[in-house]
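Working notes for the structure below.
A short reminder: the numbers here are calculations on the coordinates, not readings from a lab. Here the structure is a predicted model, which is why all the values come from computation and not from measurement. Glycine also receives a Cβ, built like all others from the backbone with ideal geometry; neighbour counts cover every protein chain displayed.
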Amino acid sequence: MNPITLNTLTAFPLQLEQHYSAIPHHYVNWKPASWEGVPSEPFSAIEQICHVRDIEIDGYHQRFQRTLAEHKPLLPSIDSDILASERNYASADAAEVFASFRAARAKTVALIAGLAPEQYDRQAEFEGYGALTLRSLVHYLCSHDQQHLAGLQWLLGKIEAEPR
């Protein structure tokens with residue numbers, strides 16, 4: 001795996017916490033009147049971090065394991081809205097979310113860093129993305145991370161636009 005992607009994945013938990021901490025506390029559950037232009041899922045700040053945690057554990061951990069263990073598996077997409085509702089993201093404790101996410105990401109990075117070169121070429125089909133390799137999946141995870149940093153910045157922009 002190229003070092004820039006691996007380093008970016010490693011640095012992401014701290015970046016996510018820093019972006020989240022920029023959200024004023026009384027806005028962590030706030031939602032704008034319009035989500036037009038949002039670069040991530042239309043979630044409040046607390047919901048954003050819960051989503052990132054759950055996609056790491058329920059999405060990417062499973063996708064990596066299946067791609068390594070199965071012959072060209074079909075990797076399903078996850079309905080984020082259902083997860084948010086079922087797991088009551090709005091009432092989550094941010095410290096617990098971040099602790100869980102840091103552990104999950106450490107597991108992800110250890111897995112990726114420990115792969116043999118030929119394992120990156122393992123193939124799968126990812127619902128909504130099409131055919132890919134495990135290497136592709138790593139890049140999609142990194143892209144997903146960046147979307148959520150952008151989503152938190154977008155929320156900050158909307159918060160700052162609120163009448164005072």
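Out of residues 5 or more away from F126 or on other chains, whose amide H comes under 5 Å of its own, with H placed 1.01 Å from N in the peptide plane?
It is L75, A131, L132, by chain and number.
Relative to the Cα centre, what is the charge dipole magnitude of the range 3-161, using +1 at the beta carbon of each Lys and Arg, -1 at the beta carbon of each Asp and Glu, and rounding to the nearest 20 debye?
On the way: 12 positive and 19 negative charges, 75 e Å.
Charge dipole, the range 3-161, about its Cα centre: 360 debye, nearest 20.
Which residue, N29, A90, A106, has the largest displacement toward the positive end of the dipole of the range 1-145 when charges sit on each Cβ (Lys, Arg +1; Asp, Glu -1)?
So the residue we want is A106.
Angle, helix 134-161 long axis vs. longest principal axis of the chain, Cα atoms, 0 to 90°, nearest 10?
0 degrees
Going by the alpha-carbon gyration tensor, a ≥ b ≥ c the square roots of its eigenvalues, is the range 49-139 rounded (a/c under 1.5) or, if a/c is not under 1.5, prolate (a/b greater than b/c) versus oblate?
Values: a/c = 3.25, a/b = 1.57, b/c = 2.07.
It comes out oblate by the Cα gyration axes.
Can you put R105, R164 in order, fewest other beta carbons within 10 Å first? All intermediate terms of the calculation are to be shown ahead of the outcome.
Values: R105 23, R164 3.
Taking fewest neighbouring Cβ atoms as first place, the list is R164, R105.
Among the GluC sites (Glu not before Pro) in the range 1-56, which ones are in a DSSP loop with at most 11 other Cβ atoms within 10 Å of the Cβ? Mind listing them?
Values: sites: E17, E36, E47, E56; in loops: E36.
Filter output for the range 1-56: E36.
Counting alpha carbon pairs within less than 8 Å and at least 6 residues apart, what relative contact order, in whole percent, applies to the chain?
Working: 167 pairs, mean separation 61.8, N = 164.
Averaging sequence separation for qualifying contacts and normalising by length gives 38 percent for the chain.
So if each residue of separation counts as 0.36 nm, and I subtract the Cα-Cα distance between M1 and E36, what length gain in nm does that give?
Values: separation 35, 0.36 × 35 = 12.60 nm, distance 3.51 nm.
Length difference between fully extended and current span is 9.1 nm.
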